[in-house]
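The values are calculated or read from the model by the stated rules, or taken from the named source; none is laboratory data. Since we're looking at a predicted model, the values are computed, not measured. Here Cβ is always computed from backbone atoms with ideal geometry, including for glycine, and neighbour counts include all displayed protein chains.
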Amino acid sequence: MSSETTQEILKRLGQLPARVRQVCTALPEHKLRLRPAATVFAPIEDAWHLYDLEREGWYVRIERILREERPTLESIDGDRLAIERRYVELDLEAALEGFAQARAASLRLLAQLPESALQRTAVFEDRLITLRDLIVMMHEHDAGHLSSLHGVHVTSRAA
């Protein structure tokens with residue numbers, strides 16, 4: 001579990017949309033839509049994945065944990081969505097703006113919660129988690145995508 005305070009993690013969560021925008025808009029168009037490896041999203045797919053997961057995953061999960069007693073939360077197959085929704089063909093600006101708005105909505109749900117609310121529980125991927133655990137998972141998920149994007153950005157600059 002993260003040693004950062006919940007407020008520090010929430011601050012980082014709030015910064016991610018701008019960081020994703022900065023990296024993605026600095027890439028040339030051909031790098032934006034190119035997967036660096038077969039199992040790694042293209043940067044535009046990262047942006048759309050973050051948007052869809054925020055509004056269909058994180059937001060819904062947070063809301064349910066706050067509203068329901070120990071809900072069972074759904075997992076989302078991001079790879080399947082990337083293919084079905086054809087992320088690689090979509091508009092970058094729509095993904096970036098949508099992600100920023102969706103993340104802001106999630107953070108509004110989490111704003112000013114008492115410590116007791118962070119201890120509310122849910123079942124996710126066959127294990128019992130707290131709302132704070134979910135917030136940490138969001139942060140770790142963000143870090144993975146940001147790392148992937150930075151990797152593409154660095155190789156783009158070297159090319």
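A few comments on the model shown:
- Lone unmet requirement of (1) over 24 Å from residue 131 (Cα atoms); (2) surrounded by fewer than 15 Cβ atoms within 10 Å (Cβ to Cβ) for residue 33: (2)
- Residue tally, condition touching a strand residue (DSSP E or B) at 6+ places or on another chain (Cβ under 9 Å), of a type outside the set (S, T, N, Q) and either over 21 Å from residue 15 (Cα atoms) or at pLDDT below 95 (or both), over the range 35-74: 8
- Residue within the range 75-97 that is assigned to a loop (DSSP other than H, G, I, E, B), modelled with pLDDT of 95 or more and either at positive phi or surrounded by 18 or more Cβ atoms within 10 Å (Cβ to Cβ) (or both) present: yes
- Taking the criterion of being among the hydrophobic types (A, V, I, L, M, F, W, C) and over 16 Å from residue 7 (Cβ atoms), the residues of the range 102-130 that qualify are 102, 104, 105, 122, 123, 124, 128, 129.
- Restricting attention to the range 36-74, the residues being in a helix (DSSP H, G or I), touching a helix residue (DSSP H, G or I) at 6+ places or on another chain (Cβ under 9 Å) and surrounded by fewer than 12 Cβ atoms within 10 Å (Cβ to Cβ) number 0.
- Annotation: residue 138 fulfils all but one of (1) farther than 21 Å from residue 8 by Cβ; (2) aliphatic (A, V, I, L, M); (3) surrounded by 17 or more Cβ atoms within 10 Å (Cβ to Cβ); (4) under 16 Å from the mean Cα position of the chain (by Cα); the unmet one is (1).
- Selection count, the range 1-35, where residues are in contact (Cβ under 8 Å) with a residue 60 or more places away in the chain and not in a loop (DSSP other than H, G, I, E, B): 17
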